[in-house]
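The structure appears right after this line, and notes come after that.
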Amino acid sequence: MFFRNNEVSSFTSQHFCKNADRNVLYVMGKGFDYRMNKGIQLLSSLCPELNIDCLLIEFDEGRSSASRKYKHLVEANMEVLRTIVPPDKILSRNIDLWSGTGKRKQRVGDKNVTELFSDPNSLAAYTDIIVDISALPRGIYFSLVGMLLAVLDEYYPKLEKNFFIMTSENAQLDSHIKDFEPDSELSYVHGFKGGSELTSATKQIIWLPILGEGNSRQIRAAHEKIKPNEICPILPFPSHDPRRSDNLLIEHHQLLFDELTIEGQNIIYVPEQNPYEVYRTLCQTIIDYDETLKVLNGCDIVISTFSSKLLSIGALLCAYEFKLWEEIKVGILNVDSSGYTIDDEPVAKNISDQSELFLIWLSGEPYIP
């Protein structure tokens, strides 16, 4: 089940407002992103009597963290949030993104965020769980969503709880938010390590990077870590901007074809705004590669996402399914950065008003046999 824009409003009114027994856990990030409050604002305005507990995830990415550089934007978002949800309904949880210092310093945010729901009973009181990833970094929401899916599958197998992902999407705005230098030490996302770090020298490694704007350094860093035998770049098409995939090919042409020597026939196209189509395309690609390379001792798959959150969710669903299947190892290598910078704040703020709201229903009532 997948809703966008007006469909989100219509579904929200029908599902949440007409049932007084619904108790909602709304998980979201505290950040500078202009889109942070769009989802919970819509939910609260349409269903003012709805019982909503807001779990606010706070995180700090270090000295160059955007949360510090753009503290005024974070504070503005928090002021708005407090007008939407009563302060006593906002529960803040701080996630340490780093452990150790110097050469021993390493990212642990993806592991730490999963501990928020290590006790399955923490979900018992809720009929609906919504994770809003609009202001959450990939390294956090990959592990968070994966953990929640696993908990619901194991401890609530009758699917009596509804699980949603909410996001406010705007590819043009995303292109104005630039990553700093990628981390020097890359690792696979907690819960989605696949078999890539344990692969024998004789096993083929296939890399599926989902490309986005302005991340050539991140792509190079990931390639150096993975050392794949074959690469299948994934481009968004169709997309809101019909020329987006062409522009990405132009931007990354030297990297893709001169440095990484990618074959043109390896390029895969997926719809920019349909995570389920991304999921299906990736799954079929992985199955095809596995069938083809069985005579060569099989393969391991690595997925990396350098693009929008909707495309990332499609990749996450694919990796989660193969994790349950256990026959093909699929890992997610996320390239974290030390922080972000916004190109031209006034322009970015105006662009944010054009953002589209999406709601993805992953488990619950529609999936009951």
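The values are calculated or read from the model by the stated rules, or taken from the named source; none is laboratory data. Since the structure is predicted, the reported quantities are computational estimates derived from the model, not experimental observations. Virtual Cβ from ideal backbone geometry, glycine too; neighbours counted across all protein chains shown. Accessible surface areas use protein heavy atoms only, side chains included; no ligands, DNA or RNA. Shrake-Rupley method; radii C 1.70, N 1.55, O 1.52, S 1.80 Å.
Being touching a residue at least 40 places away in the same chain (Cβ under 8 Å) and not in a helix (DSSP H, G or I) narrows it down to one of S134, S143, so name that one.
On the way: S143 fails: not in a helix (DSSP H, G or I).
Just a single option satisfies the conditions, and that option is S134.
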*Does segment 338-369 hold any residues that are in contact with a Leu (Cβ under 7 Å, 6 or more places away or on another chain), over 24 Å from G146 (Cβ atoms) and β-branched (V, I, T), and which are they?*
I351
*Among the residues of segment 208-252, which ones are among the hydrophobic types (A, V, I, L, M, F, W, C) and not in a helix (DSSP H, G or I)?*
L208, I210, L211, I231, C232, I234, L235, F237
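Taking the conditions exactly as written (surrounded by 13 or more Cβ atoms within 10 Å (Cβ to Cβ), farther than 20 Å from F163 by Cβ and either free of Cβ contacts under 8 Å to residues at least 60 places away in the same chain or under 24 Å from the mean Cα position of the chain (by Cα) (or both)), does L50 satisfy them or not? Walk me through how you get there before you give the answer.
On the way: surrounded by 13 or more Cβ atoms within 10 Å (Cβ to Cβ): yes; farther than 20 Å from F163 by Cβ: no; either free of Cβ contacts under 8 Å to residues at least 60 places away in the same chain or under 24 Å from the mean Cα position of the chain (by Cα) (or both): yes.
Here the answer is no, as L50 does not meet what is asked.
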*Considering segment 1-43 alone, what residues qualify as being open to solvent by less than 30 Å² (accessible area, probe 1.4 Å), in a helix (DSSP H, G or I) and closer than 23 Å to L91 by Cβ?*
T12, G39, I40, L43
*Would you check which residues across segment 248-261 are in contact (Cβ under 8 Å) with a residue 12 or more places away in the chain and within 14 Å of G214 (Cβ to Cβ) and list them?*
L248, E251, H252, L255
*Looking at (1) within 22 Å of L316 (Cα to Cα); (2) of a type outside the set (V, I, T); (3) in contact with a Ser or Thr (Cβ under 9 Å, 6 or more places away or on another chain), can you tell me which one N297 breaks?*
(1)
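Given the options E224, E263, E272, name the one that is buried (at least 19 other Cβ atoms within 10 Å of the Cβ) and acidic (D, E). Lay out the reasoning, then the answer.
Working: E224 fails: buried (at least 19 other Cβ atoms within 10 Å of the Cβ); E263 fails: buried (at least 19 other Cβ atoms within 10 Å of the Cβ).
Criteria check complete, one pass: E272.
Report whether or not K329 is under 30 Å from V74 (Cβ atoms) and touching a strand residue (DSSP E or B) at 6+ places or on another chain (Cβ under 7 Å). Give the steps one after another, and end with the answer.
Details: under 30 Å from V74 (Cβ atoms): no; touching a strand residue (DSSP E or B) at 6+ places or on another chain (Cβ under 7 Å): yes.
When the stated conditions are applied, K329 does not pass them.
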*Residue check: is I303 at pLDDT 95 or above and open to solvent by less than 30 Å² (accessible area, probe 1.4 Å)?*
yes
*Those residues that are in a helix (DSSP H, G or I), modelled with pLDDT under 90 and buried (at least 17 other Cβ atoms within 10 Å of the Cβ), I need them from segment 149-185; list them, please.*
A171, L173, D174
*Within segment 186-212, restricting attention to residues that are modelled with pLDDT under 90 and among the aliphatic types (A, V, I, L, M), which residue is most open to solvent (accessible area, probe 1.4 Å)?*
L198
*Taking the residues in segment 227-246 that are out of contact with any Lys or Arg (no Cβ under 9 Å at 6 or more places or on another chain), open to solvent by less than 70 Å² (accessible area, probe 1.4 Å) and of a type outside the set (D, E, K, R) as candidates, determine which candidate is farthest from Y188 (Cα to Cα).*
S239
